[in-house]
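Before any comments, here is the structure.
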Protein chains: 2
Amino acid sequence: MQPGDRVRVERGDVTNEGVLLPSTTRDHLVVKLDGGYNVGVDRDAADVEVLESGARDVDDGADAGGGEASEITFDDDLPTVSLISTGGTIASTVDYRTGAVTAQFDAEDVLRAVPDLAGRANYRGRVVANILSENMEPTIWRELAEAVAEEVAAGADGVVVMHGTDTMQYSASALSFMLDSPVPVVFTGSQRSADRPSSDNVMNAVCAVEAAKADHAETLVCMHASPSDDACALHRGTRVRKNHTSRRDAFETVDAEPLGRIDYEAAAEAGADGDAADAAIEWAREPLPRGRGAVDGADEDADLATATDLDADVELAKFTPGMDPAAWDYLDGKDGVVIEGTGLGHVHTDLIPRIEELVEGGTVVAMTSQCLAGRVCDRVYDTGRDLLDAGVVEAGDTLPGTAKVKLMWALANLSDPAEAMGRDLAGELTEESRPWR
Amino acid sequence: MQPGDRVRVERGDVTNEGVLLPSTTRDHLVVKLDGGYNVGVDRDAADVEVLESGARDVDDGADAGGGEASEITFDDDLPTVSLISTGGTIASTVDYRTGAVTAQFDAEDVLRAVPDLAGRANYRGRVVANILSENMEPTIWRELAEAVAEEVAAGADGVVVMHGTDTMQYSASALSFMLDSPVPVVFTGSQRSADRPSSDNVMNAVCAVEAAKADHAETLVCMHASPSDDACALHRGTRVRKNHTSRRDAFETVDAEPLGRIDYEAAAEAGADGDAADAAIEWAREPLPRGRGAVDGADEDADLATATDLDADVELAKFTPGMDPAAWDYLDGKDGVVIEGTGLGHVHTDLIPRIEELVEGGTVVAMTSQCLAGRVCDRVYDTGRDLLDAGVVEAGDTLPGTAKVKLMWALANLSDPAEAMGRDLAGELTEESRPWR
């Protein structure tokens, strides 16, 4: 069995017939189907019959997919989903020399690594970055938002963003503020790389694609809902947080239920032929409808509204007991500062004059809480009242990381960014009053 | 009815007889019983009969309890519990002029405000600080630890520390590292002040006193386990976190069950006459036994071991995407830095040379994760391996705030503080290997 052979591959109930391609993973056979798709099949327990040796010429070099393999035909009956890769574990493999995980795949490689995606949609692949997400930067958030906008303008019925999990919540927040999308934008990633037995990448990718095909226009994070492979949670991009270093269900919506839940088996089955799998999704609240960006009544094919400017001169400053007040000297002259205070939104009294100076110097200073859940409320205790007198604005129950991204966006796009920190723009802040007592 | 009258107060099933004292709260009558205790009774639905007008002279000024009222007799049949006040909501009332909450009570006032504490123990009251806990500082941690040590040496069978909730977790961590106590040290506080209908202070105080009388030697945080008034959770001081700004059950043990749970009704009843309420406590794991500090075989009355030195030159530095690398300039020359990284313990690659310089300059740099739950593991991804090469030490699953306190303590007390960050000293780090996959 060699690359170029025409083969029939049976595994479980599934049979694929096509030309064997070189595979960049040890665990998968990659077969180019006659329809143009590349399908990956787990080598384990796969039964391969060679129908014709050397049926096609295929490359066997760095361009592992071969020339023709990268051509993917479009089927008018299928929805179109754009897969945008930024790197991270879902687009990575283990370096067998070092044992470390490196990001090296592009969007087409993901299709090859996740054969279960085949047939569900026409895919447009796009690489915006190829980084581990701790290296994500605001400039890339802009490029990502602009790429999503272009994909929607080009006809995508939904967009899946493959992203490293470390900073996915920041990027999902950024796109939530930057885009007013008429179609779903679904972030997904993987906590364990594809070649590990416990990998979450197949289920997360399938659920994300099905969520992107579904009837809504939310910007979501789609990741394992529990330690089992039963469902993914659909988290609002501005309310989600990676709450565990390694669990597959590390992502949680803070202080609320996730916006929705997509059943893996039901979604995989319902969407396999390109149909929408809406019945597999249970929404906790009504999602924004498709086309919501089209305020002028244009349909969902309209370009989405974008406001991708960011003011990067914003810092997140965490207060802890015993901290050196000099730690905040570098904040002088910043355009914005988000404080991660204690409890209802407090810092040591000695820091309040410093904050007052920042505000007087023109810095917008917003307060959040390191508790993470619950609203800040600086009207209760003396310290808080002094902070309000100093000109601090309260960010409600906005998560500290989301508040940083929001302030970057608000400073660049709104006439009164301080005021905006106290109200909801993209689901990041619970507007209803939840009295302190 | 005037202060100084001898009265009989009936409320529900309870009757108290004694001399009426001036009360500093609007909601409670305070009666000095013949046994020497001051008892507070909710005015609401209380039936008061004056037995003798002007039976005693009592002050009616700032020293609201009156001269004699502060004398509390000791009953040899009761255990002795020291109540140490540091301020915070549990020791506070609302300022009716401003509507804000101010810390103004000392330990004896707590007895007056929480009549349910009477009869459970002989109390020793002590004020170490009178601050809202956002103003807590390492110097006060030392004073607090030394006060606890003195109380234990003076014969306390348990110590209750009343503390503001904002930074309780940091103080509880500090005492966990500083003290090797043969008796329970139980932190408690209140999310709602005593005169609010939803106050949690009575239940928290009663549960804390009963936990302090019980048969163990843990340093705990005792706070509401749920939104109802049914039980308090007993959290290990080094694993607990205030996870909500305002809920009464804001405190949670991160990534594990609380060490124990104390049923309010059962504990209140069993301990009312001074007996231990151990049957009301359900331990998730075996607690340290009373006397554990007595490694030489001395009994629980032995002084506890203390190591209260701290190196305050330690900072917690949180990494977020888009941060200004200049934010870390002030770290140069610090004795210790705890990084709150992303995911398994990462920062932007550009920051790694800076960290390397810190380590080369003699700073101990320890890595934790802003995920909060789960272990850091820098052997998996390139970034992490580079961090390890730069000399970062991994703090396992130690919480970032706890890691900061630990490093302050380790630098002052241990010969190899960097090594110590990777192993468990006081329940802060899960030693067993939990493989990344």
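The values are calculated or read from the model by the stated rules, or taken from the named source; none is laboratory data. Only a predicted model underlies this, so the values are computations on that prediction, with no experimental measurement involved. As a convention, Cβ positions derive from the backbone with ideal geometry for all residues, glycine included, and neighbour counts pool all protein chains shown.
A search for C-beta distances below 7 Å between a residue of the range A:310-326 that is more than 7 Å from every other protein chain (Cβ to nearest Cβ) and any residue that is polar (S, T, N, Q) and crowded, with 23+ Cβ neighbours inside 10 Å, counting only pairs 6+ apart in sequence or on different chains, returns A:Phe319/A:Thr342. Within the range B:419-428, can one find any residue that is touching a helix residue (DSSP H, G or I) at 6+ places or on another chain (Cβ under 8 Å), within 14 Å of chain A (Cβ to nearest Cβ) and at pLDDT 95 or above? No, that holds for no residue. Any chance you could count how many residues in the range A:162-173 are more than 9 Å from every other protein chain (Cβ to nearest Cβ) and modelled with pLDDT of 95 or more? Selection size over the range A:162-173: 4. Being within 13 Å of another protein chain (Cβ to nearest Cβ), crowded, with 23+ Cβ neighbours inside 10 Å and in a strand (DSSP E or B) holds for only one residue in A:Val337, A:Val365, and it is A:Val337.
Here the range B:373-390 is the region considered, the condition is being under 37 Å from the mean Cα position of the chain (by Cα) and over 12 Å from B:Leu344 (Cα atoms), and the residue that is surrounded by the fewest Cβ atoms within 10 Å (Cβ to Cβ) is B:Leu388.
Among the residues of the range B:127-148, count how many are outside any loop (DSSP other than H, G, I, E, B), away from chain A (no Cβ under 14 Å) and buried (at least 21 other Cβ atoms within 10 Å of the Cβ). Number satisfying all stated conditions: 2. When B:Asp329 is tested against (1) within 7 Å of another protein chain (Cβ to nearest Cβ); (2) assigned to a helix (DSSP H, G or I); (3) surrounded by 20 or more Cβ atoms within 10 Å (Cβ to Cβ), just one condition goes unmet, and that condition is (3).
Screening A:Leu344 with (1) buried (at least 24 other Cβ atoms within 10 Å of the Cβ); (2) more than 7 Å from chain B (Cβ to nearest Cβ); (3) under 21 Å from B:Ile131 (Cβ atoms) gives one miss only, at (2).
Against the numbered list (1) within 15 Å of the chain's Cα centre (by Cα); (2) modelled with pLDDT of 95 or more, B:Ala214 comes up short only at (1).
Checked against the criterion of being at pLDDT below 80, in a loop (DSSP other than H, G, I, E, B) and buried (at least 17 other Cβ atoms within 10 Å of the Cβ), the range A:42-59 has at least one qualifying residue. For the structure I just gave you, tell me whether B:Ala412 is hydrophobic (A, V, I, L, M, F, W, C), more than 11 Å from chain A (Cβ to nearest Cβ) and closer than 28 Å to A:Arg247 by Cβ. In short, no. If you go through the range B:236-269 and keep only what is crowded, with 19+ Cβ neighbours inside 10 Å, outside any loop (DSSP other than H, G, I, E, B) and among the aliphatic types (A, V, I, L, M), you end up with B:Val240, B:Ile262, B:Ala267, B:Ala268. Read through the list (1) at pLDDT 90 or above; (2) within 14 Å of chain B (Cβ to nearest Cβ); (3) in a loop (DSSP other than H, G, I, E, B); (4) in contact with a strand residue (DSSP E or B) (Cβ under 7 Å, 6 or more places away or on another chain), then give the number of the only condition that A:Ser193 fails. All conditions pass for A:Ser193, except number (1). Residue count for the range B:187-224 under the criterion of being farther than 28 Å from B:Leu429 by Cα and either touching a residue at least 24 places away in the same chain (Cβ under 8 Å) or in contact with a Cys (Cβ under 6 Å, 6 or more places away or on another chain) (or both): the result is 12. Can you find even one residue in the range B:378-399 that is within 12 Å of chain A (Cβ to nearest Cβ) and in a strand (DSSP E or B)? Yes. Go over the candidates B:Arg241, B:Arg236, B:Arg248 one by one and state the one that is out of contact with any Gly (no Cβ under 8 Å at 6 or more places or on another chain) and assigned by TED's automatic domain parsing to the domain that holds B:Gly87. Matching residue, one of B:Arg241, B:Arg236, B:Arg248: B:Arg248. Within the range A:225-252, the residues that satisfy the criterion of being closer than 23 Å to A:Glu428 by Cβ and within 14 Å of chain B (Cβ to nearest Cβ) are A:Val240, A:Arg241, A:Lys242, A:Asn243, A:His244, A:Asp249, A:Ala250, A:Phe251, A:Glu252.
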